[in-house]
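The structure under discussion appears below in the form of structure tokens.
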Amino acid sequence: MRYSEMFLPTEREVPSDAEVISHQLMLRAGMIRKLSAGIYCYLPLGYRVIRKVEQIIREEMNRAGAQEVFLPMVQPAELWQESGRWEYYGKELQRFRDRHDREYCLGPTHEEVITDLVRHELKTYRQLPKNLYQIQTKFRDEIRPRFGVMRSREFGMKDAYSFDADEEGAELSYARMFEAYKRIFSRCGLRFRPVEADSGTIGGSFSHEFMVMADSGEDGLVFCSECAYAANLEKAEVHPPEKADMSAIEEMPLTEVHTPNIRTIEEVSAFLDVTPQDIVKTMIFNADGQPVAVLIRGDEEVNEIKVKNYLGCNEIELAMDDMIEEVTGAPRGFAGAVGIRARIVADNSLLNMKNFVMGANREDYHVRNVNFGRDFSIAAFADLKIARETDACPRCRKALSFARGIEVGHVFKLGTKYSKAMGASFLDRNGKEQTMIMGCYGIGTGRTVAACIEQNNDENGIVWPMPLAPFQVIITPVNINDKALADTAERLYDSLVAKGVEALLDDRDERAGVKFKDADLIGIPIRVTIGPKKLAEGKVEIRIRDTGEVNAILLEQVEETLL
Ligand code: ATP
Ligand code: MG
Ligand code: MG
Ligand code: MG
């Protein structure tokens, strides 16, 4: 591909509305553009990377014996009524009516459709097992779309569904997918960890999530360094927080405070009387180094306040919204700065704070001296399981480690949840009717790409691992008006392309500095720089994006060095 012809709009400025690094870099590198909330266009560079992920997935799914299908995105309500999820799924399910007033939804997942297909076609044990997969667009009306394609409303997913005649077969199908997932994420060059997980709205008997390790991840994980135990905090068998002894702290009367519309870090820090640095750290410390307050992420406009809620649960955010609504009357989704003069004792639990300030990012929606139990009670808080540093592994009792991760894949042992509800049965060896045993297996393609960027970037841009790189090599003649440089670049480009190398030729009439900056930003693993000095010696420079290592080599040796 020639850079001059490519639709590749790069940007130097960090976009103000992108919180996480992958979102910033995907925008700056011209990979994606936003169309609407949680709805994105992939541009050529971004789509090339998606295709790389899809190709790895296809190869590994096929290797594991799964077959590719392509199912409709629009799904009739009747199927969802049959499975019982029409009621249960809630607002994430985008429902609509056609001109005949029939009800449909946009597929957020495809258990119903695939079970319907299979129940009509597979009738005997001889036709089992089967594993069918697709790579397709899903729609979920996420309550808070954010982080670009990491949590969008429309997104690409590979979803696979297995059907087995007996438990043993179902276990085997699950184990095969588990292995395939390990191969897929290893081949993508990711550092990841499978963890025990909650089954959520998909349901079933048990599941594992594949977590890409990243501090920006929304999920909290615990893992044991002694045994194999690893789990999502949502699921982890850890102890609920104890309520600390706060008898020494006097409860103050609840008072309303008139506050400005607090939005920026400066405003919050002025109001809370702490330094802005402390706010970014999420926790606010007093002069004795004691944590005195917690900030929880608010509406999209407060994105300067980076609130990774350090407790490790999304639920806290939601519960916080409920709590603020209950106490201050501020609408949900506006939860802002929380907590001043609060005391966090023993562990980091919100339940152990006294006399804190609660508020929304709105004028006059702040209340001082809020106390759990006296002023609010939220069910969600009561069952929150919050792991503490002191928690021990439920298997071997050794100390647990904590980390954050991005869920890129999820495998579920479904059992007969859908096949029973929808009558997917077959005749066994003895001619007896049996219910099929199912599993389902998802991978977010866009999220995998974003997660890869979270793990592979530096101050200059993306640093693609070779398997996902949109191009393997970028050829950069430093001055396109110098005929010798331009011709050498063209020849090298033609011969690399002929050998199947994915090369990008930067044939733009731009200064070398601009070209180098773009090459770094879009993260191409190898740059071949063609400049007058080295070319006079018959040489070009090869620069490795990851390490910055530069080597001058003879032009004739470029191919053997690269291939
Ligand atoms: P999350 O917990 O992040 O909401 P999920 O558990 O709801 O994800 P699954 O139903 O397990 O998601 O879907 C399988 C995969 O689809 C996820 O592991 C993830 O990679 C991807 N995925 C789910 N929701 C989104 C989204 N809103 N945007 C991008 N990818 C998503
Ligand atoms: Mg979800
Ligand atoms: Mg999840
Ligand atoms: Mg999941």
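The values are calculated or read from the model by the stated rules, or taken from the named source; none is laboratory data. The model shown is predicted, which means the values in this text are computed figures rather than measured ones. So basically every Cβ, Gly included, is an ideal-geometry build from the backbone, and we count neighbours across all protein chains shown.
Annotations for the structure displayed:
- Selected residue (only one of Arg151, Arg140, Arg176 is in contact (Cβ under 8 Å) with a residue 12 or more places away in the chain and away from ligand 1 (no atom under 12 Å from the Cβ)): Arg176
Condition check ((1) over 31 Å from the mean Cα position of the chain (by Cα); (2) crowded, with 21+ Cβ neighbours inside 10 Å) across all residues:
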| position | (1), (2) |
| --- | --- |
| Ile522 | no, yes |
| Arg527 | no, yes |
| Ile544 | no, no |
| Asn551 | yes, no |
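- Residue match in the stretch 42-52 (condition: out of contact with any helix residue (DSSP H, G or I) (no Cβ under 9 Å at 6 or more places or on another chain), surrounded by fewer than 20 Cβ atoms within 10 Å (Cβ to Cβ), not polar (S, T, N, Q) and not in a helix (DSSP H, G or I)): yes
- Selected residue (criterion: surrounded by the fewest Cβ atoms within 10 Å (Cβ to Cβ)) from residues of the stretch 135-151 that are closer than 18 Å to Ala451 by Cα and within 15 Å of ligand 4 (Cβ to nearest atom): Arg151
- Criterion applied to Ala180, Ala214, Ala165, Ala231 was being in contact with a Lys or Arg (Cβ under 8 Å, 6 or more places away or on another chain), farther than 19 Å from Met61 by Cα and among the aliphatic types (A, V, I, L, M), and the one residue passing it is Ala214.
- Residue within the stretch 87-99 that is over 27 Å from Gln127 (Cβ atoms) and surrounded by 17 or more Cβ atoms within 10 Å (Cβ to Cβ) present: yes
- Selection from the stretch 471-487 of residues that are touching a Pro at 6+ places or on another chain (Cβ under 7 Å), more than 10 Å from Ile524 (Cβ to Cβ) and not charged (D, E, K, R): Leu485, Ala486
- Strands (runs of 3 or more DSSP E) (entirely within the stretch 433-500) containing at least 1 residues that are crowded, with 24+ Cβ neighbours inside 10 Å, of a type in the set (A, V, I, L, M) and more than 16 Å from ligand 4 (Cβ to nearest atom): 437-444, 473-477
- From the list Lys432, Lys420, Lys398, the one residue that fits, being out of contact with any helix residue (DSSP H, G or I) (no Cβ under 7 Å at 6 or more places or on another chain) and either on the phi > 0 side of the Ramachandran plot or modelled with pLDDT under 95 (or both), is Lys398.
- Selected residue (criterion: nearest to ligand 1 (Cβ to nearest atom)) from residues of the stretch 395-432 that are touching a residue at least 40 places away in the same chain (Cβ under 8 Å) and assigned to a loop (DSSP other than H, G, I, E, B): Met422
So that you can scan it fast, the table gives a plain yes or no per residue for (1) within 16 Å of ligand 2 (Cβ to nearest atom); (2) in contact with a Cys (Cβ under 6 Å, 6 or more places away or on another chain); (3) among the small types (Gly, Ala, Ser):
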residue	(1), (2), (3)
Val118	no, no, no
Leu122	no, no, no
Tyr125	no, no, no
Lys130	no, no, no
Met150	yes, no, no
Phe155	yes, no, no
Arg183	no, no, no
Gly200	yes, no, yes
